[in-house]
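Structure record follows, encoded as structure tokens.
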Amino acid sequence: MYTWKITELRFNILSQKLAEQIEKKGKKYGSIYPIPRGGYKLAIALSQALQIPIITNKNLINDSTIIVDDLIDSGKTLSEFPYNDKAVLFVKQNNECKVNYYVQKTDDWVQFPDEKDNEIETDIERILQFIGEDTNREGLIETPKRILKSYEELFSGYKQDPTELLKVFKEGSCKEMVILKNCEFYSTCEHHFLPFYGHISIGYVPNGKVVGISKLARLVDCFSRRLQIQERLVTQIADCIMENLQAKGVMVICEGVHFCMTSRGVRKQNSSMMTSAIRGVFEDDKVRNEFLQLIKM
């Protein structure tokens, strides 16, 4: 993921643009409330430009308070203030929270002037300290860097567009079932941030279009190398194939072993989870049973 490092000058320019938006709207605000950490620097800039006082006590927020933050990702934080106008510099594309003023949408990782290059590494060090480790011992000195590097691979699916992976061919299309059997996958559970892994089998019936079989494996990697739950994983794979190939039907079966179940909680080491997604002609018992028999061979 690309990191966009915002200089002090760039931050001031963006803050001024945001202030101009607010001023142009003509609505009068009595106070500015900055979201802790991220909103403070922007609040100071807006306060100076618009001559609006800053408050830091939630109890003082009223209808004339505008909530500010440097970046809104999921929108969960700002959703705590449903009745107040909101102003931010950057809005992530997947945000569902209503923002009244913003400068730009982005999917990049944004690093602001007051953030250090190694801030994430520092957070990882704090986690290591929380579990009782000495972060200064030889074996752990480079661990935060190694973790970040491993995350680039483990969560590389966020950088990929699944529709671009499925290069479609009309030549060579058939009417019979096409199957990718026992494709290995590795993913990370979004509930406990622990791994789960296993095998996925995919079957589809073409409708004038086929795709290279290796692209189905890449599609599995694209969706599995994200924070996931197994139920959503098979659904995303099936829906993507149906949408891009306009197939007559798709069936995806996944068997996964979850560390959040084997290494903690109920600790059932021999358990596995089965999920499936069924679309189109595979809803017919005969077609579905044919697929199930073929992947058992």
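The values are calculated or read from the model by the stated rules, or taken from the named source; none is laboratory data. Note that this is a predicted model, so its numbers are computed, not measured. Note that each Cβ is placed from the backbone with ideal geometry, even for glycine, and that neighbours are counted across all protein chains shown.
State yes or no: is Val234 in contact with a strand residue (DSSP E or B) (Cβ under 9 Å, 6 or more places away or on another chain), under 24 Å from Met177 (Cβ atoms) and of a type in the set (A, V, I, L, M)?
Here the answer is yes, as Val234 does meet what is asked.
Would you check if Cys222 is buried (at least 19 other Cβ atoms within 10 Å of the Cβ), in contact (Cβ under 8 Å) with a residue 60 or more places away in the chain and of a type outside the set (Phe, Trp, Tyr)?
Answer is yes for this residue.
With respect to Asn182, determine if the residue is modelled with pLDDT of 90 or more and under 30 Å from Ser263 (Cα atoms).
Judged against the criteria, Asn182 is a match.
Conditions first: (1) farther than 22 Å from Ala247 by Cβ; (2) surrounded by fewer than 17 Cβ atoms within 10 Å (Cβ to Cβ); (3) polar (S, T, N, Q). Asn182 passes all but one, so which condition is the exception?
(1) is the only condition that Asn182 fails.
Listed residues Ser276, Ser187, Ser201; which is surrounded by fewer than 20 Cβ atoms within 10 Å (Cβ to Cβ) and assigned to a strand (DSSP E or B)?
Exactly one of Ser276, Ser187, Ser201 is surrounded by fewer than 20 Cβ atoms within 10 Å (Cβ to Cβ) and assigned to a strand (DSSP E or B), namely Ser276.
Between residues in region 72-92 that are closer than 15 Å to Ile32 by Cα and residues that are polar (S, T, N, Q), which pairs lie under 7 Å by C-beta distance while being six or more apart or on different chains?
Listed pairs, sorted by first residue: Asn84/Thr65; Asp85/Asn100; Lys86/Asn100; Ala87/Asn100.
Give the residues of region 1-38 that are over 30 Å from Asn62 (Cβ atoms) and assigned to a loop (DSSP other than H, G, I, E, B), sorted by residue number.
Those that are over 30 Å from Asn62 (Cβ atoms) and assigned to a loop (DSSP other than H, G, I, E, B): Met1, Tyr2, Ile6, Thr7.
Across region 239-258, which residue is surrounded by the fewest Cβ atoms within 10 Å (Cβ to Cβ) among those that are over 22 Å from the mean Cα position of the chain (by Cα) and part of a helix (DSSP H, G or I)?
Only one residue fits best here, namely Met242.
In region 20-44, how many are of a type outside the set (S, T, N, Q), closer than 18 Å to Ile72 by Cα and touching a residue at least 24 places away in the same chain (Cβ under 8 Å)?
The total comes to 10.
Give me the strands (runs of 3 or more DSSP E) completely within region 67-147, filtered to those with at least 3 residues that are among the aliphatic types (A, V, I, L, M) and surrounded by 13 or more Cβ atoms within 10 Å (Cβ to Cβ), ordered by residue number.
Ranges flagged: 86-92.
Listed here are the residues, each with its yes/no results for (1) over 30 Å from Arg225 (Cβ atoms); (2) modelled with pLDDT under 85; (3) not small (Gly, Ala, Ser).
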site	(1), (2), (3)
Ile6	no, yes, yes
Ser31	yes, no, no
Tyr40	yes, no, yes
Gln51	yes, no, yes
Gln104	no, no, yes
Phe112	no, yes, yes
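Residue check, Asn62 against (1) in a loop (DSSP other than H, G, I, E, B); (2) under 15 Å from Ile22 (Cβ atoms), all met but one. Which one?
The single condition Asn62 does not satisfy is (2).
Checking the condition free of Cβ contacts under 8 Å to residues at least 12 places away in the same chain and either aliphatic (A, V, I, L, M) or touching a helix residue (DSSP H, G or I) at 6+ places or on another chain (Cβ under 9 Å) (or both), which residue from Asn182, Asn270 passes?
The conditions single out Asn270.
Within region 228-238, is even one residue over 23 Å from Trp109 (Cβ atoms), touching a Leu at 6+ places or on another chain (Cβ under 9 Å), among the aliphatic types (A, V, I, L, M) and outside any loop (DSSP other than H, G, I, E, B)?
Yes, because at least one residue in region 228-238 is over 23 Å from Trp109 (Cβ atoms), touching a Leu at 6+ places or on another chain (Cβ under 9 Å), among the aliphatic types (A, V, I, L, M) and outside any loop (DSSP other than H, G, I, E, B).
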